[in-house]
Amino acid sequence: PQKVCSLLICQEAVVAEAHHAGFDFPALPCFQCPRVNASGVCETGESVCETQGSQRCFLRKVYEDDTLSYGYQGCSSVCFPLMLFNPAVTLEERCCNDSPFCNKF
């Protein structure tokens with residue numbers, strides 16, 4: 001199981017293997033950074049990951065009071081293109097597998 005966290009909850013998630021999920025994309029390089037600042041600069045160990053099986057590149061952006069605050073980039077099997085709102089914080093998540101480094105901040 002993988003731990004999946006959002007701004008509001010953390011839960012255990014079991015990620016299906018590619019042959020079970022029916023998706024198997026070719027390997028793709030993605031930007032990887034645990035914390036990107038509002039200027040788009042990685043503050044914590046910038047690197048590159050390569051998707052495997054059903055993984056896709058992802059980009060998450062966190063806005064506080066309608067101002068971009070920080071973000072995350074990487075490879076993940078758990079990626080849902082969405083936008084979540086609450087009174088002070090907005091979370092935007094984008095998933096892609098159409099070109100190398102498609103998750104540019």
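Numbers at a glance
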{"item": "All positions within segment 57-105 that are touching a strand residue (DSSP E or B) at 6+ places or on another chain (Cβ under 8 Å) and of a type in the set (V, I, T)", "result": "V62, V78, V89, T90"}
{"item": "Criterion: touching a Ser or Thr at 6+ places or on another chain (Cβ under 6 Å) and modelled with pLDDT under 95 - qualifying residue of F23, F85, F80, F105", "result": "F23"}
{"item": "Top-ranked residue of segment 57-105 - restricted to ones that are acidic (D, E) and in a loop (DSSP other than H, G, I, E, B), ranked as surrounded by the fewest Cβ atoms within 10 Å (Cβ to Cβ)", "result": "D66"}
{"item": "Among (1) at pLDDT 95 or above; (2) in a strand (DSSP E or B), the one test that K3 misses", "result": "(1)"}
{"item": "First in segment 31-54 and under 16 Å from R94 (Cβ atoms) and outside any loop (DSSP other than H, G, I, E, B), second anywhere and among the β-branched types (V, I, T) and at pLDDT below 95, Cβ under 7 Å, 6 or more apart", "result": "C33/T44"}
{"item": "Checklist (1) touching a Phe, Trp or Tyr at 6+ places or on another chain (Cβ under 6 Å); (2) modelled with pLDDT of 95 or more applied to G40, failing item", "result": "(2)"}
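The values are calculated or read from the model by the stated rules, or taken from the named source; none is laboratory data. In this text the structure is predicted, and so the values were computed from the model without any measurement. When we count neighbours, we look across all protein chains shown, and the Cβ atoms used for this are built from the backbone with ideal geometry, even at glycine.
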